[in-house]
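In what follows, a single structure is set out as structure tokens and then discussed.
The values are calculated or read from the model by the stated rules, or taken from the named source; none is laboratory data. Just so you know, these numbers come straight off a predicted model, no measurement behind them. As a convention, Cβ positions derive from the backbone with ideal geometry for all residues, glycine included, and neighbour counts pool all protein chains shown.
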Amino acid sequence: MAKPKKLFIKTYGCQMNVYDSERMAEALGASGYETTAHVEDADMILLNTCHIREKAAEKVYSELGRFKPLKAAKPDLKIGVAGCVAQAEGEEIIRRQPMVDLVVGPQTYHRLPAMEAAVQQGHRAVDTDFPEDDKFEHLPKAPRARRGPTAFLTVQEGCDKFCAFCVVPYTRGAEVSRPVARILAEAEDLVARGVREITLLGQNVNAYHGAGSDGVWSLARLIRELAKIDGLARIRFTTSHPNDMDDDLIAAHGDEPKLMPYLHLPVQSGSDRILKAMNRKHTAEQYLRIIDRLRAARPDLLLSGDFIVGFPGESETDFEDTLALVRTVGYGQAYSFKYSARPGTPAAERAGVPDEVASERLHRLQALLSEQQRAAQEAMVGREVSVLLEKPGRMPGQMVGKSEYLHAVHVTDPTLGIGDLVRLKIVESGPNSLAGRLV
Ligand code: SAH
Ligand code: SF4
Ligand code: F3S
């Protein structure tokens with residue numbers, strides 16, 4: 001048998017890229033590759049890229065530049081660029097960096113084995129189509145290898161929302177939902193391989209509308225069906241859009257015990273004027289009412305969000321509306337960004353806010369969000385949580401896992417192992433994690 005070739009994948013961007021990288025590694029496994037964590041051992045390097053904010057493409061080019069000596073030392077080394085920068089730049093990547101052999105956009109990974117074969121023949125391969133077929137269905141799967149206790153599962157791809165600042169509808173294409181039966185089969189396979197928690201992924205995951213046994217299924221119905229799988233203990237989903245938070249999905253937070261009480265629900269801004277300019281199609285008040293309904297269904301729900309500051313036209317008053325919204329909601333976790341003009345998006349044409357102003361606002365918002373985050377974490381001390389142990393901790397005998405609220409919790413107990421789901425009492429809150437004791 002031929003010696004396996006080594007594949008080094010570096011992943012940028014969102015969880016959907018993490019999932020895609022796993023699937024690409026499995027697909028290339030069928031072409032004789034095994035993954036390596038050491039770039040210098042690689043026969044193929046694959047960068048799975050993100051285009052969401054500024055300088056993404058420049059970072060990819062400078063990263064590629066760093067591979068030059070490797071390629072000089074090993075002329076057979078193949079270099080590929082996948083993901084959203086690949087989609088946005090296409091052939092331009094090979095024009096600017098001729099040592100790149102392969103460019104593949106996010107919707108054509110099922111063609112990767114054939115592209116790899118062409119590359120081995122000395123060809124260049126570029127594919128940035130948006131084909132009709134389900135890319136995942138055509139990807140070779142790995143044999144039932146054991147895996148860790150948590151997994152991502154992409155159920156929906158693409159976005160039809162066209163927020164004025166965002167590249168995703170252009171890099172990932174239109175909204176497509178995978179059929180229910182394939183998702184259930186993949187989930188069952190994951191559980192058979194040791195997975196106990198599945199995070200359903202989509203750029204707009206709650207807009208899921210997949211073909212089911214009797215017509216179109218919603219995300220809530222899919223979650224309720226997945227919850228019937230024995231051995232699957234926890235279900236999460238991300239990322240959601242407020243306008244797709246339907247009644248049944250809100251209700252599921254109250255009545256589906258396997259659905260975890262943590263929800264990432266980005267709002268971007270607390271100013272109606274800015275929300276309108278962003279084309280978000282909801283007001284701050286509508287967002288707050290959805291949060292009220294979610295909390296009525298599940299009072300201990302921990303909320304997470306995304307915010308953009310310095311969007312074109314954002315005044316000090318608009319920004320204060322964002323701070324006010326944050327104070328009203330009280331986030332347990334949040335991500336905030338300075339607006340970054342993306343070529344080809346409508347907002348890129350508009351005059352921006354001066355950079356110092358945006359930086360200063362980001363600083364103020366982050367101070368408030370970190371304060372809330374710290375408070376939410378400290379409020380866990382004395383409470384009992386359930387923790388799914390994922391990996392060894394830094395101290396001898398220590399294990400680390402996540403609570404239902406997605407807080408990192410560590411515990412030291414010789415009886416525990418990876419994949420155990422345990423009840424812990426939180427005894428201490430540290431800078432990045434909580435300490436727990438078995439109850
Ligand atoms: N589909 C998700 C998130 C997509 S991208 C949603 O609708 O919420 C993740 C986050 O990146 C966004 O929520 C937004 O806060 C941020 N983001 C996207 N485009 C950006 C841009 N041009 N500048 C700064 N932040 C941006
Ligand atoms: Fe981007 Fe808006 Fe779609 Fe989210 S909903 S991916 S922010 S266009
Ligand atoms: Fe980035 Fe593409 Fe995800 S732009 S955030 S990798 S969808």
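Scanning region 267-279 for residues that are out of contact with any Cys (no Cβ under 6 Å at 6 or more places or on another chain) and either polar (S, T, N, Q) or more than 16 Å from T328 (Cβ to Cβ) (or both) turns up Q268, S269, S271, R273, I274, K276, A277.
Would you mind stating whether E137 is under 23 Å from the mean Cα position of the chain (by Cα) and either modelled with pLDDT of 95 or more or within 16 Å of ligand 3 (Cβ to nearest atom) (or both)? Taking the combined requirement at face value, the residue does not satisfy it. In region 1-27, the qualifying residues are those that are part of a loop (DSSP other than H, G, I, E, B) and not aliphatic (A, V, I, L, M), and the one that is nearest to ligand 2 (Cβ to nearest atom) is C14.
At pLDDT 95 or above and either within 16 Å of ligand 3 (Cβ to nearest atom) or surrounded by fewer than 16 Cβ atoms within 10 Å (Cβ to Cβ) (or both): is that true of R361 in this structure? Spelling it out, it is not the case that R361 is at pLDDT 95 or above and either within 16 Å of ligand 3 (Cβ to nearest atom) or surrounded by fewer than 16 Cβ atoms within 10 Å (Cβ to Cβ) (or both).
Of the residues making up region 276-286, those that are surrounded by 18 or more Cβ atoms within 10 Å (Cβ to Cβ) and either in a helix (DSSP H, G or I) or β-branched (V, I, T) (or both) are A277, A284. Scanning region 253-275 for residues that are assigned to a strand (DSSP E or B) and hydroxyl-bearing (S, T, Y) yields a total of 1.
Okay, residues lined up against (1) closer than 16 Å to F136 by Cα; (2) out of contact with any Gly (no Cβ under 9 Å at 6 or more places or on another chain); (3) in the same structural domain as R172 (by TED's automatic domain parsing); (4) not aliphatic (A, V, I, L, M):
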| site | (1), (2), (3), (4) |
| --- | --- |
| Y12 | no, no, no, yes |
| H38 | no, yes, no, yes |
| I52 | no, no, no, no |
| K55 | no, yes, no, yes |
| K74 | no, yes, no, yes |
| A86 | no, no, no, no |
| A117 | no, yes, no, no |
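Residues considered: A164, A86, A118. Of these, the only one that is modelled with pLDDT of 95 or more, more than 20 Å from the chain's Cα centre (by Cα) and within 30 Å of V353 (Cα to Cα) is A164. Check whether at least one residue in region 310-328 is touching a Phe, Trp or Tyr at 6+ places or on another chain (Cβ under 7 Å), surrounded by 16 or more Cβ atoms within 10 Å (Cβ to Cβ) and among the aromatic types (F, W, Y), and report yes or no. Checked region 310-328: at least one residue is touching a Phe, Trp or Tyr at 6+ places or on another chain (Cβ under 7 Å), surrounded by 16 or more Cβ atoms within 10 Å (Cβ to Cβ) and among the aromatic types (F, W, Y).
Counting only strands (runs of 3 or more DSSP E) that fall entirely inside region 364-439 and contain at least 1 residues that are touching a strand residue (DSSP E or B) at 6+ places or on another chain (Cβ under 9 Å) and of a type in the set (K, R), the qualifying elements are 384-392, 398-403, 421-429, 434-438.
Of all the residues that make up region 262-279, how many are more than 16 Å from ligand 3 (Cβ to nearest atom) and within 27 Å of L406 (Cα to Cα)?
The qualifying residues number 6.
Within region 41-56, if we keep just the residues that are part of a strand (DSSP E or B) and within 16 Å of ligand 3 (Cβ to nearest atom), the residue that is farthest from A117 (Cα to Cα) turns out to be T49. Criterion applied to R298, R289, R342 was being surrounded by fewer than 16 Cβ atoms within 10 Å (Cβ to Cβ) and among the charged types (D, E, K, R), and the one residue passing it is R289. Criterion applied to A145, A181, A164, A187 was being more than 16 Å from ligand 1 (Cβ to nearest atom) and surrounded by 15 or more Cβ atoms within 10 Å (Cβ to Cβ), and the one residue passing it is A187. Taken residue by residue, region 47-69 has no member that is at positive phi and modelled with pLDDT of 95 or more. Within region 333-347, residues that are in the same structural domain as F307 (by TED's automatic domain parsing) have Cβ atoms under 6 Å from residues that are part of a strand (DSSP E or B) and within 14 Å of ligand 2 (Cβ to nearest atom) in these pairs: A334/G305; Y335/D306; S336/F307; F337/I308; Y339/I308, counting only partners at least 6 apart in sequence or on another chain. The single condition from (1) surrounded by 15 or more Cβ atoms within 10 Å (Cβ to Cβ); (2) closer than 27 Å to V176 by Cβ that E137 fails is (1).
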